[in-house]
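What follows is a set of notes on a single structure, which appears directly below.
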Amino acid sequence: MDIMVSDKNVLVSFIKDFICALDKLKIKYIIVSGFVAISHGRSRGTEDIDLIIEKISKEEFVELNNDLDKNGFEALQGENGEELFEDYLEDNLSLRYVRKGEFLPEMELKIAKDELDEDQIANRTKLPLTGLDFYFSTIETNLAFKEELLKSPKDLEDAKHLRIVYGEKINEEEVKRIKELIIKCRL
Amino acid sequence: MDFVEFWAKKCRENMSACQKEVNQMVDSQIELGNAFYKRIGRKKALEILLK
């Protein structure tokens, strides 16, 4: 087996190409969870990127799915945009997009489902330390989710990494506000 | 100090060096994963990935 590690970062190139379709249709998005920590140098593997988009209609999603298809992406769950919307997104389930002919990495796409997701999207930000021109949920949001909701060893280590990297720049009042919103909406 | 703390401090001092090392690791993991799924075929790969 001939495995070569290229100089070009696979995940970044994958996200950039995927987000082109969202930008074209002016759909707001945020990258959340593991990739936020990894893009700050956190030493762990990942095969997927978690993405939340603002609420869109079925018609808008069908257009997005068609554009993604033209850009060389496919959902692992199927091809028909209307069915994908009705069977997955309407039920708050994620769609998993890959480049055609590949299996990894995956983009796990969800639609904003509640006040908490809408809050994350409203406060989305670019994170200069990553060196990437993508929108992320804020560091405070990521800390709140990982410490209050997700809580797996991996998530707690991601949070620890981000806390050390950002140090005193973290707005603890904002972390507290989002934790309260998590308790209200998800727990 | 555990590894997470050690590594995060290293990143705080030199983020781009940290990112470069992590990117290489992640790219390698993805290439190996893709090679595996292609070897077992689409049907089996989807069974695993969508279970």
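Data for the structure
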read-out: Within segment A:161-181, considering residues that are in contact (Cβ under 8 Å) with a residue 24 or more places away in the chain and of a type in the set (A, V, I, L, M, F, W, C), the one farthest from B:A8 (Cα to Cα); value: A:L181
read-out: Some residue of segment B:26-46 being within 8 Å of chain A (Cβ to nearest Cβ), among the small types (G, A, S), surrounded by 14 or more Cβ atoms within 10 Å (Cβ to Cβ) and within 20 Å of A:Q77 (Cα to Cα); value: yes
read-out: All positions within segment B:8-25 that are under 16 Å from the mean Cα position of the chain (by Cα) and within 7 Å of another protein chain (Cβ to nearest Cβ); value: B:C18, B:Q19, B:V22, B:N23, B:Q24, B:M25
read-out: Residue identified as within 14 Å of chain B (Cβ to nearest Cβ), surrounded by 19 or more Cβ atoms within 10 Å (Cβ to Cβ) and outside any strand (DSSP E or B) among A:D117, A:D158; value: A:D158
read-out: Among (1) hydroxyl-bearing (S, T, Y); (2) in contact with a helix residue (DSSP H, G or I) (Cβ under 6 Å, 6 or more places away or on another chain); (3) within 30 Å of B:L32 (Cβ to Cβ); (4) surrounded by fewer than 20 Cβ atoms within 10 Å (Cβ to Cβ), the one test that A:S137 misses; value: (4)
read-out: Count of residues meeting criterion [over 14 Å from A:L109 (Cα atoms), aliphatic (A, V, I, L, M) and either within 14 Å of chain B (Cβ to nearest Cβ) or in contact with a strand residue (DSSP E or B) (Cβ under 7 Å, 6 or more places away or on another chain) (or both)] in segment A:9-25; value: 3
read-out: Selection status of A:G41, in contact (Cβ under 8 Å) with a residue 60 or more places away in the chain and in contact with a Ser or Thr (Cβ under 7 Å, 6 or more places away or on another chain); value: no
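We did not get these values from a lab; they are worked out from the coordinates using the rules stated. Only a predicted model underlies this, so the values are computations on that prediction, with no experimental measurement involved. Positions of Cβ are backbone-derived with ideal geometry, glycine not excepted, and every protein chain shown enters the neighbour counts.
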